[in-house]
1. Scan the range B:213-233 for residues that are within 12 Å of chain A (Cβ to nearest Cβ) and either more than 24 Å from B:Pro286 (Cα to Cα) or surrounded by fewer than 24 Cβ atoms within 10 Å (Cβ to Cβ) (or both) and report the count.
2. B:Leu302: within 24 Å of A:Pro228 (Cβ to Cβ), more than 24 Å from the chain's Cα centre (by Cα) and open to solvent by 10 Å² or more (accessible area, probe 1.4 Å), yes or no?
3. For the range A:80-93, state whether one or more residues are closer than 25 Å to B:Thr179 by Cα and of a type outside the set (S, T, N, Q).
4. For the range B:174-212, name all the residues that are closer than 22 Å to A:Pro171 by Cβ, open to solvent by less than 50 Å² (accessible area, probe 1.4 Å) and modelled with pLDDT under 95.
5. Restricted to the range A:130-143, and to residues that are free of Cβ contacts under 8 Å to residues at least 60 places away in the same chain and within 18 Å of the chain's Cα centre (by Cα), which residue is farthest from A:Glu44 (Cα to Cα)?
6. Sort through A:Ser221, A:Ser207 and tell me the only one that's open to solvent by 30 Å² or more (accessible area, probe 1.4 Å), small (Gly, Ala, Ser) and part of a strand (DSSP E or B).
7. Restricting the range A:231-247 to residues that are facing chain B (nearest Cβ under 7 Å) and open to solvent by 80 Å² or more (accessible area, probe 1.4 Å), which is nearest to B:Asp285 (Cα to Cα)?
8. Where the second residue is open to solvent by 50 Å² or more (accessible area, probe 1.4 Å) and part of a loop (DSSP other than H, G, I, E, B) and the first is under 12 Å from B:Val33 (Cβ atoms) and lies in the range B:1-19, which pairs have Cβ atoms under 6 Å and are six or more apart or on separate chains?
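The values are calculated or read from the model by the stated rules, or taken from the named source; none is laboratory data. Computed from a prediction, not measured in an experiment: that's the story for all the values here. Here Cβ is always computed from backbone atoms with ideal geometry, including for glycine, and neighbour counts include all displayed protein chains. What goes into the accessible areas is simple: the full protein's heavy atoms, side chains included, and nothing from ligands, DNA or RNA. Shrake-Rupley method; radii C 1.70, N 1.55, O 1.52, S 1.80 Å.
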Amino acid sequence: MKILVCLKQVPHKDARLEIGSDGTWIKEDGIKFEINDYDNYALEEALRLKDAGEAEVVVATIGPDRVTQSLRTALGMGADRAIHVWDDSLANADSLGIAKVLAAVAKEENFDVVFCGLMSDDSNYAMVGPMLAQLLDIPHVTAVVKTDFENGAVKVEKELEGGTLEVSQVPLPCLLAVQTGINEVRYASLKGIMQAKKKPLDKKALSDIGLDGAAVAPKLSIEKIYTPPKGEGANLLSGSADEIATQMVGKIKELGLL
Amino acid sequence: MPKTLIVGEIQGGSLRESTLELVALARGLGGDVVSVLLGSGIGGTAEELSNKGGGKVLAADHAGLEQYSADGYASVIRQAIEQESPDLILIGNTPSGWDVAPKLAAALDAGIITDVFKIEEAGGDLLFTRRLFNGKFDGQFRVAGTPKIATVQPGAINAYEGSDAGSVEALSAAPESRTKFLELRTAAAGGHDLTKAEIIVSGGRGLGKPENFEAVLKPLVEALGAQMGASRPVVDAGWLPHEYQVGSSGQVVQPKLYIAVGISGAIQHLVGMKNSNFIIAINKDPDAPIFEVADMGAAVDLFELVPALAKAVAAAKG
């Protein structure tokens, strides 16, 4: 079985984010980046299939030079090889542009399963997975919380709302966009990290996959980003821990709960 | 003024409230409104939508549409788009909406934006507003070309309350799906029902490690006679079982008092607790979105405040 895992590198969870000078995105200088959390779960799900038998796991990402580090991490966790696509014209790419690039990459090989994260922790769009499936003309399921591969198909559980799960059977090839918590993500072992250095990491330009800037021109553009206007918000208490605790207890009493 | 196609949604046999929110949004933009509704045996619901502002409702009534499928729904919605040539297509950002909308956009090579909470006209164009970075920022967006597709955050807009006589028209559908629906099932509920709790104290990633739920949070939970809840990252990391999760994919709660400890307030958590009667938030980041829904808060180190609060509660009880 051949598996493609699509990864995105996003600002680190604990990075202090500030709005950049042109007001349309965050300042990326001087912050740390990491693999999008949802994508870690997607990669882990693929690696479990590899552990269970014959599977080749290929990771692909789009981004500037800094993403190489995330690809090495993925190789260190156990992926077999990596594909890195970049072109300056992708700097403002929208989800459909990204999906077109990933589709061009995927079409060069025949993957049985494509794994993505449900969404990314930066833009939270949750669009690339279903778009990529459409462009590859394969079925997809989003918010996947369980997979069970058997006889050329996969039984999938999708998370709906309020604790309801939808169970369905999907033929391969297919695309699965996974929800966080589907598995327990492994860390790259020291041995894995050493081996990763020797694993293939292909760098591709758009022209290498038959695309150009015009083919991936964005339809979605960001006018501006800003800190959400403060509503009434919380009455923020100050003072020592004991002083704050006393005020809180006063309120809890007033609510009739003490 | 855009002509808008609303993709209605049926949930548990009834018209989903979010559909009437789409109606309000579309009507607010001032253009023509038409709707498409998909399902099986949906005559009455289509009638209802047509009388509640949905305009002309294209009813795709077919046994193969009883359960959502990306293939089946996308093909029928495309039919409606081809028939009506809307400028704007509105879909609820629900588990089926977020699943089908990007697929449609790719099939039509159309511009799309997801999970918006506001759409306004500006200089003959539409401006879409949504959150970014899990609520840390808001962004305003433009979508080029026609049609434009937007999914809308449920609950963000008040539902349309007018009654207008529309019409219902059958849309003949022949849905096919490569995915085979097997069943709906309820995630193991466990014994931890938070929906009836008077007081809930929930912990998030800010607690740092699973042991701190026992060592730091539990004394406060016990002093208050509360139930313990958790945010999604805590459950995803396996620190607490799913039955503790408060949020759109966990339990939606409405206690008299909700105390959020070390929770930044991702949208999916806020949806699950923002209707609590009184909310106290404790988080070291004063810009955390949780403070927007909280009534009272403290942007301090939880490891100092929570033990002090547990002690003060115990003392107040005497």
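1. 5
2. On the way: within 24 Å of A:Pro228 (Cβ to Cβ): yes; more than 24 Å from the chain's Cα centre (by Cα): yes; open to solvent by 10 Å² or more (accessible area, probe 1.4 Å): yes.
It is true that B:Leu302 is within 24 Å of A:Pro228 (Cβ to Cβ), more than 24 Å from the chain's Cα centre (by Cα) and open to solvent by 10 Å² or more (accessible area, probe 1.4 Å).
3. At the first step, the residues of the range A:80-93 found to be closer than 25 Å to B:Thr179 by Cα are none.
No: zero hits.
4. Correct list: B:Pro175 only.
5. First, pick out the residues of the range A:130-143 that are free of Cβ contacts under 8 Å to residues at least 60 places away in the same chain: A:130-131, A:133-143.
Imposing the further condition that a residue be within 18 Å of the chain's Cα centre (by Cα) reduces the set to A:130-131, A:133, A:140-143.
Details: A:Pro130: 20, A:Met131: 22, A:Ala133: 20, A:His140: 18, A:Val141: 17, A:Thr142: 16, A:Ala143: 15 Å.
Among residues in the range A:130-143 that are free of Cβ contacts under 8 Å to residues at least 60 places away in the same chain and within 18 Å of the chain's Cα centre (by Cα), the one farthest from A:Glu44 (Cα to Cα) is A:Met131.
6. Details: A:Ser207 fails: part of a strand (DSSP E or B).
Going through A:Ser221, A:Ser207 in turn, just one is open to solvent by 30 Å² or more (accessible area, probe 1.4 Å), small (Gly, Ala, Ser) and part of a strand (DSSP E or B): A:Ser221.
7. Step one: filter the range A:231-247 for residues facing chain B (nearest Cβ under 7 Å), giving A:231, A:233-237, A:241-242, A:244-246.
Still in the running and open to solvent by 80 Å² or more (accessible area, probe 1.4 Å): A:235-236, A:242, A:246.
Working: A:Asn235: 15, A:Leu236: 12, A:Asp242: 19, A:Thr246: 21 Å.
The selected residue is A:Leu236.
8. Filtered contacts from the range B:1-19: B:Pro2/B:Asp87; B:Lys3/B:Asp32; B:Lys3/B:Asp87.
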